[in-house]
1. So which of Pro111, Pro101 is open to solvent by less than 50 Å² (accessible area, probe 1.4 Å), at pLDDT 80 or above and not aromatic (Phe, Trp, Tyr)?
2. So which residues in the stretch 36-74 are in a loop (DSSP other than H, G, I, E, B) and either among the hydroxyl-bearing types (Ser, Thr, Tyr) or closer than 22 Å to Ser139 by Cβ (or both), if there are any at all?
3. Can you list residue pairs whose Cβ atoms sit under 9 Å apart, with the first residue in the stretch 6-27 being on the phi < 0 side of the Ramachandran plot and of a type in the set (A, V, I, L, M) and the second being in a helix (DSSP H, G or I) and at pLDDT below 70? Count only pairs 6 or more apart in sequence or on different chains.
4. Out of the residues in the stretch 128-147 that are at pLDDT 85 or above and within 21 Å of Asp188 (Cα to Cα), which is surrounded by the most Cβ atoms within 10 Å (Cβ to Cβ)?
5. In the stretch 148-180, how many residues are at pLDDT below 85, of a type in the set (A, V, I, L, M, F, W, C) and either open to solvent by 60 Å² or more (accessible area, probe 1.4 Å) or in contact with a His (Cβ under 7 Å, 6 or more places away or on another chain) (or both)?
6. For the stretch 51-77, give me each residue that is open to solvent by less than 60 Å² (accessible area, probe 1.4 Å), within 15 Å of Glu39 (Cα to Cα) and not aromatic (Phe, Trp, Tyr).
7. Among the residues of the stretch 151-174, write down those that are in contact (Cβ under 8 Å) with a residue 12 or more places away in the chain and not in a strand (DSSP E or B).
Amino acid sequence: MSKSESNVARRERLRKLALETIDIENDPYFMRNHLGSYECKLCLTLHNNEGSYLAHTQGKKHQANLARRAALDAKESESSAPTKQSTQPRIKRSVVKIGRPGYKVTKVRDPQSRQFGLLFELTYPEVTDDTKPRHRFMSAYEQHVEAPNRQFQYLLFAAEPYETIAFKVQSREVDMRPGRFWSYWDKDTRKFTL
């Protein structure tokens, strides 16, 4: 028996053993998709067969995500239980949104490294002096406006009293090194550059 044949036989034995001990149909994270492959909803991984999924459930990534999920559930159940301390109710600030800020997006390319980049310029003329615009990257799986597409991510900008705006960009790794990724808030012209 060759090495590859013995590996196939070993994987098949492990799959049968796992199917005997684990009820895959009652696994809350197991899902068959429309293409006939299998997905782990907890880790967002794709698997060609049940054996691959079962091997994944015993792996480090899935076990770490299960532990993280259990800790999160315990924390939520702890916070939902009534506490004996008297806590002040949080007062939610209501801010009237005045619309979207002006923006300009420019494609740029570094002349030395030929690296592609995007330059975002947003104008916030009605922002108060103590407010600085914020930004963050958001995964396609975090948003609920469109169907998730792993080829894209979203770049969000927020500053009160303006609406939060998002730009849909390709899901490439962002070069966060100094000099490559920077932001600047000009208080005089009220322009935020990223």
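1. On the way: Pro111 fails: open to solvent by less than 50 Å² (accessible area, probe 1.4 Å).
It is Pro101.
2. As a first pass, look at the stretch 36-74 and keep what is in a loop (DSSP other than H, G, I, E, B): 36-37, 41-44, 48-49, 58-59.
Ser37, Lys41, Leu42, Cys43, Leu44, Gly59, listed by residue number.
3. Partner pairs satisfying both residue conditions: Ile24/Ala18.
4. Looking at residues that are at pLDDT 85 or above and within 21 Å of Asp188 (Cα to Cα), I get Pro133.
5. The total comes to 1.
6. Gly51, Ser52, Leu54, His56, Thr57, Gly59, His62, Asn65
7. Filtering the stretch 151-174 down to residues in contact (Cβ under 8 Å) with a residue 12 or more places away in the chain leaves 151-163, 165-171, 174.
Those that are in contact (Cβ under 8 Å) with a residue 12 or more places away in the chain and not in a strand (DSSP E or B): Gln151, Ala159, Glu160, Pro161, Tyr162, Glu163, Ser171, Val174.
The values are calculated or read from the model by the stated rules, or taken from the named source; none is laboratory data. The shown structure was predicted, so the numbers you read here are calculated from the model rather than taken from an experiment. Cβ sites come from the backbone with ideal geometry, for glycine too, and all protein chains shown count toward neighbours. Heads up: the accessible areas ignore ligands, DNA and RNA and are worked out on the full protein's heavy atoms, side chains in. Shrake-Rupley method; radii C 1.70, N 1.55, O 1.52, S 1.80 Å.
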